[in-house]
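Remarks on the structure that follows.
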Amino acid sequence: MKLGIIREEKTPEDWRVVFSPKQCIKIIEKYPEIEITIQSSSIRCFNDSEYKKVGLTVKEDISDCDILIGVKEVPIDSLIPNKEYFFFSHTYKEQEYNRPLLKAIINKNVAFHDHELLKNASDLRVVFFGKWAGIVGAYNGIKTLGSKFRLFDLPKAISLDRKSDVEKILSEIDLPNIKIVLTGKGHVSAGSREILEDANIREVSKEEYLNEEFDFPVFVNLGCEDYAQAKDGRAFVQNDYFRNPQDYKSSFLPYTRLTDMIISGHYWDQNAPQLWEVEDMKSEDFKISVIADITCDIEGSIPSTIRPSTIEDPNYGYHPDLGEVECMDDNAIAVMAVDNLPCELAKDASENFGDMFIKNVLPAFFNNDEEGILHGSLMTKDGHLTEKYNYLQDFIDVKE
């Protein structure tokens, strides 16, 4: 079996990779049947010489490989016909901007697995970057807060080599007695929680958060049951909320009157209620001044997220009457909405992802896919959608 580690070619540049040089050697030692070739890249967080140093082949042409693995979407012109690919395609939710990519995957007879659909027998994802989005997003939020109120000036995460550097920096800052809401209970929020704890921000219960004052910085972690309620007044049922989000309304407003910064790490459906509406932001009671929107759903759960920002220019200001304004304007709410956050700590994020792939996915190639991980993630084969993903046929049949 020949594995090819492809070069990331999407714009903006992405420095991540599925396997580090050390992980490649670990794979070869564990599975002697596997050969690994690295496609040459000038931007990857581990450079070509690091792969060559451990004895791996690095070259431009990887068409002799059987399976090609990357991170982000592969440009259509770079797709090699009749190969098996793994990457994040952002197509299974019928994302229109990637319809041409899914069509090309089919037309080029690519057997395609989406990383996001790699799940075990319990239907849980087995590889993800969410934790690192949470880590960098929370750090960027604290950095934005420091800049907005001229409290401190932190370096960009991308200028740091590892998370350990982030931890050291945060341990040395002095935050005022602010209140922070962290939304979500998954991998993203778990990463953000690490950062808040690194910054010595104490977690409190929602009852304490809503009813008490503190002389030190605090945060509360809210799940969907804490910010949404059924329109008809019935008891909240999480599975029903995910199935029928249109039947729910936001119950978040009390938090907007007490919160200095929100870090959003929750899942959102386009039919779900927004946490608040633009009109709510015009109230004198609306206190939120910094929004670190890790989810980055444009005009989604947070209406002030009107566009993604970039690693180079991570912040913009929002005013409910004027729209986008300068971030440092006195009346502006500072928004951080970078949509490729894990890139800022690319080495750590890549190694963590690679560890999960090695542990959870590679065995499936040698144990007859006993948990159905490969079968469940296979979206296309032999020039067609697989049965599980036939619902996408109407989507790809749309003429551009």
Residue under question is Lys381, and the condition is that it be more than 26 Å from the chain's Cα centre (by Cα) and over 30 Å from Ile28 (Cβ atoms); does it hold? no
Selection count where residues are within 25 Å of Asp297 (Cβ to Cβ) and charged (D, E, K, R), scope the range 81-102: 4
Every listed condition ((1) over 19 Å from the mean Cα position of the chain (by Cα); (2) crowded, with 20+ Cβ neighbours inside 10 Å; (3) of a type in the set (Ser, Thr, Tyr); (4) in a helix (DSSP H, G or I)) holds for Ser189 save (1)
Output the residues belonging to the range 155-166 that are surrounded by 18 or more Cβ atoms within 10 Å (Cβ to Cβ) and within 18 Å of Ile263 (Cα to Cα). Ala157, Val166
Residue satisfying all of: in the range 192-222; small (Gly, Ala, Ser) and either over 18 Å from the mean Cα position of the chain (by Cα) or not assigned by TED's automatic domain parsing to the domain that holds Ser301 (or both); nearest to Ser164 (Cα to Cα) among these: Ala199
Cβ-Cβ under 6 Å, sequence separation 6+ or interchain: first residue in the range 371-397 and touching a residue at least 24 places away in the same chain (Cβ under 8 Å), partner among the hydroxyl-bearing types (Ser, Thr, Tyr) and surrounded by fewer than 18 Cβ atoms within 10 Å (Cβ to Cβ). Which pairs? Leu378/Thr386
Can you pull out every residue in the range 1-49 that is touching a strand residue (DSSP E or B) at 6+ places or on another chain (Cβ under 8 Å), assigned to a loop (DSSP other than H, G, I, E, B) and under 19 Å from Asp77 (Cα atoms)? Ile6, Arg7, Ser40
Pairs, first not assigned by TED's automatic domain parsing to the domain that holds Gly300 and polar (S, T, N, Q) in the range 260-285, second outside any loop (DSSP other than H, G, I, E, B) and at pLDDT 95 or above, C-beta under 9 Å, six or more apart: none
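So that you can scan it fast, the table gives a plain yes or no per residue for (1) within 30 Å of Thr256 (Cβ to Cβ); (2) in a helix (DSSP H, G or I); (3) modelled with pLDDT of 95 or more:
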{"site": "Ser304", "(1), (2), (3)": "yes, no, yes"}
{"site": "Glu324", "(1), (2), (3)": "yes, no, yes"}
{"site": "Asn331", "(1), (2), (3)": "yes, no, no"}
{"site": "Val335", "(1), (2), (3)": "yes, no, yes"}
{"site": "Glu351", "(1), (2), (3)": "no, yes, yes"}
{"site": "Gly354", "(1), (2), (3)": "no, yes, yes"}
Enumeration of residues in the range 356-393 that are closer than 13 Å to Lys103 by Cβ and either at pLDDT below 95 or in contact with a Leu (Cβ under 7 Å, 6 or more places away or on another chain) (or both): Met379, Leu385, Leu392, Gln393
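The values are calculated or read from the model by the stated rules, or taken from the named source; none is laboratory data. Just so you know, these numbers come straight off a predicted model, no measurement behind them. Backbone-built Cβ (ideal geometry, glycine too); neighbour counts: all protein chains shown.
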